[in-house]
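Everything on this sheet refers to the single structure shown next.
Nothing in this text is a laboratory measurement; each read-out follows from the coordinates by a stated rule. This is a predicted model, so every value here is computed, not measured. Quick reminder, even Gly has a Cβ in these numbers, built from the backbone with ideal geometry, and neighbours come from all protein chains shown.
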Amino acid sequence: MYTLTDSVASVEVMPEYDFKCVCKKLETQHRTTNGRKFVYKWGQYYSASMSLRWVSQTDKEQLNTWWSENTKLMWYPTSDATQVESVIFANNEAPIGGVEKPYVDLFKGKLQLESY
């Protein structure tokens, strides 16, 4: 279980089994004519993606509002608030949109987060 918060409101999310969390690196590599290799690291960032199911109407509205307003958020495991990542939504469309069948008041979607 993870917590996503903007310091005012919080949403606890339970990722599905497709949860993927990676640290990506921005770098360029060059090899000279004599074979020497040069690697330049420009930075790195955190990326997480996951499916969510059985999301309440309140949480759906909060997540989609944060996405719409490009809100800067904090993301951390609910059991360990010392591993905090500063993130923003990376989705191109609203993260929560589908209805979880057969319910009409529970929703599903895909959350994509990246550090900034």
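Once C-alpha pairs closer than 8 Å and six or more residues apart are averaged by separation and normalised to the residue number of the chain, the relative contact order reads 28 percent.
Which links in K60/K101; K25/K110; K25/K72; K72/K108; K20/K108; K72/K101 stretch past 27 Å when you go from one Cα to the other? Can you show the working numbers first?
Details: K60/K101 16 Å; K25/K110 23 Å; K25/K72 21 Å; K72/K108 22 Å; K20/K108 17 Å; K72/K101 31 Å.
Beyond 27 Å between Cα atoms: K72/K101.
Once backbone amide H atoms are built at 1.01 Å from N, F19 has S51 as its partners under 5 Å, excluding neighbours fewer than 5 places away on the same chain.
Residue by residue, the stretch 99-111 carries 3J(HN,Hα) couplings of 8, 7, 5, x, 7, 10, 10, 10, 10, 9, x, 10, 9 Hz when phi is fed to the Karplus relation 6.51 cos²θ - 1.76 cosθ + 1.60 (θ = phi - 60°); x denotes Gly or Pro. Which angle from 0 to 90°, rounded to the nearest 10, does the C-alpha axis of helix 57-68 make with the longest principal axis of the chain? So the helix axis and the longest Cα principal axis differ by about 40 degrees.
Label sites at V99 and Y40, each approximated as a point 7 angstrom past Cα along Cα to Cβ, lie 5.4 nm apart.
In units of the compact-protein estimate 2.2 N^0.38 Å, the chain shows a Cα radius of gyration of 1.32.
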